[in-house]
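These notes concern the structure reproduced below.
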Amino acid sequence: MSNASLSPLPSADHPDVTARLRGALLGASFTADGLLELLGAPAYAALSRSETVPALRATRGDTPLELLVRLFLLQQPVLHARVDDVLPVDACLESGWLVRAGDEVAATVDVRPYGGPGGEDWFIVSDLGCAVGGAGGIGSHAEGVVLGVGGASTTLAGLTVRTPVSAALDLGTGSGIQALHAAAHATRVTATDVNPRALHITALTLALSGAPAAELREGSLYEPVHDDETYDLIVSNPPFVISPGARLTYRDGGMGGDDLCRSLVQQTGERLNEGGFAHFLANWQHVEGEDWTDRLRSWVPRGCDAWIVQREVQDVTQYAELWLRDAGDHRGDPAEYQARYDAWLDEFEARKVRAVGFGWITLRRTGAAEPSVIAEEWPHPIEQPLGETVRTHFDRVDYLRAHDDAALLEAHFTLAGEVVQEQVGLPGAEDPEYVVLRQNRGMRRATRVDTVGAGFAGVCDGTMSAGRILDAIAQLVGEDPVALRDRTPAQIRLLVEQGFLEPA
Ligand SMILES: C[S@@+](CC[C@H](N)C(=O)[O-])C[C@H]1O[C@@H](n2cnc3c(N)ncnc32)[C@H](O)[C@@H]1O
């Protein structure tokens, strides 16, 4: 792995220095809240897009917080004498968090405050330059560069079911962000990566965040996991980019097409404990003549329920351009850019790939004879964190599996909170053409229902059984109650599956 241009990392063997550094950072309010207050929302948001100019303008002074932002986030050298009061500078120089350059000191890694879900003040360590590229793409092309927090990282963290567990695995840990989240609700966390630099950085992220250490193991996919080891939670934001050849370890899986994501999902079945969840981000090929949902269904291991959500689809040109820009290739030699773009399209052509899907795959190990595999497209805005929505999705799957149509008619339901009804039709028309029920929480789903479905949902307050509600509706609209009882369970099933109705 060629890492020649990357800085030597701070030592992970000086917990005392790391603890003192953490204390100093917190003491100066170098936290997510402190940063927001100092920089203001636009400059703070620009930083998450790797744009540093607004933050540089907001940190021209010499307060401890401004100095720390310049040093660790904007990666500017600062005068040794200026930070002497703010940080244990000499200990940081000795253990490698800082290097000296004349009468100035510079950071060897990017250190980014990150607010945990319970208000924890965490820090994510990553390689220099990764979050200081702006529209130019990542700052380093070294193969083993370790990136900080991106949109994909926070999406996965938000999706993850956060119930207390004994053993969690973060596969492809990178900066350690998923391991850090897992450490808050798992007794034991194992973090793996093919890149030893990532494991080192994960140790720093955990220690600097004041989190318990994880077990760190080097290797590809499940190689570092012993045969007899199983987990209650597995998370992975893998190197899912479908690319012609492995170039950047953090994103290019190095297996053909979407094989890395497929292998990861397929091999997870035997690694999960009964009832355990696995959450993955993935990219998948849309191949000529094949339905993407069939492709994804074929990945689901035996003994697992699955919920697969396709959030976005890009055609092959958009896809190639996205990742060329991510690497900053558009700022380099035009001929090289053209050759890389061409190679990407050659690869897709050879595999008959027409587009690429982006999305989430959640597996839950179950002893059910008939697993539930739901693959759906939902490109609309959602409300993060979604972990609780994901957990209750699988509870509803269990409920529906255990209730046939007759049992559904006997059951009582309540309408989920914050569901509204929208009527769609021509302006001035007496009756709507159709009715939409919309959730304002979680997946923010909208579903089309007929007037019986809307009326049914409106009456569900848990007091009457579904069958009795349908009988009353039948009487009201003059329909045969037997026919209504016959045709409505499918709609009730869908409303329960999508979370509009909750079993009372
Ligand atoms: C997209 S990054 C995700 C980092 C971090 N978990 C996050 O959520 O931000 C993918 C990580 O997987 C690692 N990786 C690449 N190939 C791998 C493989 N075959 N097995 C395990 N990890 C791999 C990379 O080194 C990188 O750290």
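The values are calculated or read from the model by the stated rules, or taken from the named source; none is laboratory data. Bear in mind that the values here come from a model prediction, so they are computed numbers and not experimental data. Cβ placement follows ideal geometry from the backbone for every residue including glycine, while neighbour counts extend to all protein chains displayed. For accessibility, only protein heavy atoms count, side chains too; no ligands or nucleic acids. Shrake-Rupley method; radii C 1.70, N 1.55, O 1.52, S 1.80 Å.
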Report task. Using per-residue counts of other Cβ atoms within 10 Å, averaged over each peptide, order 181-189, 259-267 from highest down. Result -> 181-189, 259-267
**Report entry** Shape metrics for region 201-263, restricted to C-alpha atoms - Rg then Dmax, Å
**Finding:** 14.2, 40
Report summary line: Computed, not fitted: 222 nm per-residue ellipticity of the chain from DSSP H runs ≥ 4 (each -39500 (n - 2.57)), nearest 500, equal to -10000 deg cm²/dmol
Query - Cα centroid separation - region 106-126 against region 225-267, whole Å - result: 25 Å
Report task. Apply the Karplus parameterisation 6.51 cos²θ - 1.76 cosθ + 1.60, with θ equal to phi minus 60°, to every residue of region 350-366 and state each ³J(HN,Hα) to the nearest whole Hz, in sequence, with x for glycine and proline. Result -> 4, 9, 6, 8, 9, 7, 10, x, 10, x, 10, 10, 10, 10, 9, 6, 9
**Report entry** Projected-area mean, region 134-279, by convex hull of Cα positions, square nanometres
**Finding:** 8.7 nm²
Report summary line: Note: probe point = Cα of ALA339 + 7 Å toward Cβ; backbone nitrogen < 20 Å; residues of region 1-41 passing the test are 2
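State, as an integer percentage, the relative contact order of region 33-142 based on alpha-carbon contacts under 8 Å between residues 6 or more apart.
Relative contact order for region 33-142 comes out at 22 percent.
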Report summary line: Over its alpha-carbon atoms, region 389-441 yields an Rg and a Dmax in Å of 15.8, 45
Query - Accessible surface of the chain [probe 1.4 Å, protein heavy atoms]: carbon and sulfur percent - result: 49 percent
Requested in this report: Convert each backbone phi in region 400-408 into a coupling constant with the Karplus relation 6.51 cos²θ - 1.76 cosθ + 1.60 (shift: θ = phi - 60°), then list the ³J(HN,Hα) values in order as whole Hz, x for Gly and Pro.
Outcome: 5, 5, 8, 10, 7, 4, 4, 5, 4
Report task. Could you pull out every residue, at least 5 positions away or on a different chain, whose amide H is within less than 5 Å of the one on ASN273? Hs are placed 1.01 Å off N in the peptide plane, and Pro or chain starts have none. Result -> TYR231, ASP232
Requested in this report: Decide, for region 1-130, between rounded, prolate and oblate: order the square roots of the alpha carbon gyration tensor eigenvalues as a ≥ b ≥ c, take rounded if a/c falls under 1.5, and otherwise choose prolate if a/b is larger than b/c, else oblate.
Outcome: rounded
Report task. Please report the relative contact order for region 388-472, taking Cα pairs under 8 Å with a sequence separation of at least 6, and give it as a percent rounded to a whole number. Result -> 31 percent
Report task. Can you find, among PRO10, GLY129, LEU93, the residue farthest towards the positive end of the dipole of the chain? Put +1 on the C-beta of Lys and Arg, -1 on that of Asp and Glu. Result -> LEU93
Report summary line: Rounded to one decimal in nm, the spacing of the 7 Å Cα→Cβ label points at ARG325 and VAL482 is 6.2 nm
Report task. Any chance you could give the angle, 0 to 90 degrees and rounded to 10, that helix 196-208 forms with the longest Cα principal axis of the chain? Result -> 90 degrees
Query raised in the report: Got the relative contact order for the chain handy, in percent, Cα pairs under 8 Å and 6 or more residues apart?
Result: 11 percent
Report task. Mind pulling the per residue volume of the convex hull built on the Cα atoms of region 161-245? Å³ is fine. Result -> 94 Å³
Report summary line: For region 257-367, Rg(Cα) over 2.2 N^0.38 Å is 1.25
Query raised in the report: For region 392-494, rounded, prolate or oblate, judged on the Cα gyration tensor with a ≥ b ≥ c (square roots of eigenvalues), a/c < 1.5 rounded, else prolate if a/b > b/c?
Result: oblate
**Report entry** Size of electric dipole in the chain: Cβ of Lys, Arg +1 and of Asp, Glu -1, about Cα centre, debye, nearest 20
**Finding:** 540 debye
Requested in this report: Quote the FRET efficiency, to the nearest 0.05, computed for GLU288 versus GLN266 with a Förster distance R0 of 22 Å and r equal to the Cβ-Cβ distance.
Outcome: 0.45
Report task. Amide H neighbours of VAL373 under 5 Å, at least 5 residues apart or on other chains, H built in the peptide plane: list them. Result -> ALA306
Query raised in the report: Using modelled amide H (1.01 Å from N, peptide plane; none on Pro or chain starts), what sits under 5 Å from the amide H of ASP121, excluding residues fewer than 5 places away?
Result: GLY116
Query raised in the report: Accessible area per residue of the chain at 1.4 Å probe, in Å²?
Result: 43 Å²
Query raised in the report: Using r as the Cβ-Cβ distance of ALA406 and ASP346, and R0 as 60 Å, what FRET efficiency do you calculate, to the nearest 0.05?
Result: 0.60
Query raised in the report: For the Cα atoms of the chain, what angle does the longest principal axis make with the long axis of helix 15-27, in degrees from 0 to 90, nearest 10?
Result: 70 degrees
Report task. Could you tell me whether region 315-414 comes out rounded, prolate or oblate from its Cα gyration tensor? Rule is a ≥ b ≥ c as square roots of the eigenvalues, rounded for a/c under 1.5, then prolate if a/b exceeds b/c, otherwise oblate. Result -> prolate
Query raised in the report: On the first, second and third principal axes, largest extent first, how far apart are the outermost C-alpha atoms of the chain in Å?
Result: 89, 56, 52
